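The structure appears right after this line, and notes come after that.
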Amino acid sequence: MSNPIDTKVISKLAEILDKTNLTELAYEDEACKITLSRQNVTAAPVYTAAVATPQPIAAPAAPAASAPETESAVSEDYTNNPNVVKSPMVGVVYLSSDPNAANYVNVGDTVTQGDTVCLIEAMKTFNPVKAHKSGKVTKILVEAGDPVEYGAPLIVIE
């Protein structure tokens with residue numbers, strides 16, 4: 001018995017992979033699990049898709065070796081920092097609800113636990129990222145439109 005493959009989902013995932021320059025993207029629902037990954041080649045990107053029955057997802061892999069050192073250095077500095085708001089998913093970060101609106105937060109702002117501090121767009125869905133604690137925003141580590149991976153540091157609240 002084979003699982004039906006929704007080619008529209010695979011196309012959307014491939015589009016996100018292209019748009020964000022990520023090296024790997026995973027999607028899972030009740031019927032299947034799809035993982036797309038990009039190989040480092042100078043020609044057109046190569047995609048692989050794996051479809052399987054639902055299984056627990058392992059922890060995300062470490063950032064790709066080809067990532068710039070500055071990005072990995074920033075990520076490492078904030079990996080275990082309890083003051084950092086981290087990305088709950090892979091996607092594109094937005095600091096405001098639309099390009100003409102003010103940012104949700106700016107450096108120096110005071111936030112309350114549960115306040116929206118930014119949005120992460122994944123599969124054309126905008127997901128609010130909430131402050132995990134109350135405090136003062138001391139650093140914003142991303143810019144609007146930046147691609148982010150799961151667990152990437154976004155904002156520091158002290």
*Hey, can you tell me all the residues within segment 126-158 that are open to solvent by 60 Å² or more (accessible area, probe 1.4 Å) and of a type in the set (Ser, Thr, Tyr)?*
134, 150
_Test: residue 80 is within 17 Å of residue 151 (Cα to Cα) and over 16 Å from the mean Cα position of the chain (by Cα)_ = yes
*Tally time: how many residues in segment 86-106 are polar (S, T, N, Q) and open to solvent by 50 Å² or more (accessible area, probe 1.4 Å)?*
4
*Would you be able to tell me the number of residues in segment 108-125 that are farther than 21 Å from residue 77 by Cα and surrounded by fewer than 13 Cβ atoms within 10 Å (Cβ to Cβ)?*
6
*Please identify the pairs in which a residue from segment 105-129 that is of a type in the set (S, T, N, Q) has its Cβ atom under 6 Å from the Cβ atom of a residue that is open to solvent by less than 20 Å² (accessible area, probe 1.4 Å) and at pLDDT 90 or above, counting only partners at least 6 apart or on another chain.*
113/131; 127/120
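The values are calculated or read from the model by the stated rules, or taken from the named source; none is laboratory data. Quick caveat: nothing in here was measured; it's all calculated off a predicted structure. So basically every Cβ, Gly included, is an ideal-geometry build from the backbone, and we count neighbours across all protein chains shown. In case anyone asks, the SASA skips ligands and DNA or RNA and just uses the protein heavy atoms, side chains included. Shrake-Rupley method; radii C 1.70, N 1.55, O 1.52, S 1.80 Å.
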